[in-house]
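Reading through the structure tokens given below for one structure.
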Amino acid sequence: MCNLYEPSKPEQISLDFGTELPFGDYAGTIAPLKPGPFVRASGAVVGQWGMIPARSPTRKPTLQNGKPMSTNNARRERLASASTFMGAWKRGQRCLIPAVSYDEPYWGTKKNIWWRFWRADGQAWALAGIWSEWTDPETGEVVPNYSMITQNCDAHPLLSLMHKPDLKLAPDQQDKRAVVPIERADWDVWLNGSVSQAEALIRVPDIALFRHGAADPAKQVELAMAI
């Protein structure tokens, strides 16, 4: 899963995707429920990171009983069945999330060290997502919103080292989660292809795709061993 990332700047989004952001401001680091840019088939937009169920009374995702929900990540196994995501997934409302880097918690030293992932080729990530629009029942404002898709990475030599392990479970049963990079050659298929074509693009990335290190440079010295 991912709860923190650095988005591409508007000018880089324009260069990479050939589309301008029509409106919306966003910060240098995006956390859940904050505004961030995403690219859909019709162009780029700024929206809330964390999909809002259609019946949620507020833009903070909640169940009808008011219980809060975490929706910034969408498990690929539940895209077609979870009530928050299934409509967007079946309608083909897929998006690409431009990111310079993203962070995950590394527990190899028995404590959390935030670990940062960049592309080894120096390009920005285009992470797989789904999007929707929610209408504020009080003001009528239409709020774009999006979620990152995650997948199991228990077998990955790098990504499986992220997140606190459950010592009661075997290494191949941890259900460690990771985001889904979409390569440039597949952008059009992801945005405009069929559901089955998009499903085929959800795959664990090769380790050679990554450049990575502690998000805090001081931690690089502190680490007794490198990943």
_Top-ranked residue of the stretch 164-219 - restricted to ones that are buried (at least 16 other Cβ atoms within 10 Å of the Cβ) and touching an Asp or Glu at 6+ places or on another chain (Cβ under 7 Å), ranked as nearest to E6 (Cα to Cα)_ = A215
*Go through G28, G24 for me and flag whichever is surrounded by 14 or more Cβ atoms within 10 Å (Cβ to Cβ), in a loop (DSSP other than H, G, I, E, B), more than 13 Å from the chain's Cα centre (by Cα) and modelled with pLDDT under 95.*
G24
*Which of the residues belonging to the stretch 1-21 are among the hydrophobic types (A, V, I, L, M, F, W, C) and more than 12 Å from the chain's Cα centre (by Cα)?*
I13, L15, F17, L21
*Please find, within the stretch 81-120, the residue that is surrounded by the most Cβ atoms within 10 Å (Cβ to Cβ) out of those that are under 21 Å from N192 (Cβ atoms) and without any contact (Cβ under 8 Å) to a residue 12 or more places away in the chain.*
M86
*asked:* Among the residues of the stretch 49-73, what is the count of those that are free of Cβ contacts under 8 Å to residues at least 40 places away in the same chain, polar (S, T, N, Q) and touching a Lys or Arg at 6+ places or on another chain (Cβ under 8 Å)?
replied: 1
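The values are calculated or read from the model by the stated rules, or taken from the named source; none is laboratory data. Computed from a predicted model, the values in this text were never measured in an experiment. Glycine also receives a Cβ, built like all others from the backbone with ideal geometry; neighbour counts cover every protein chain displayed.
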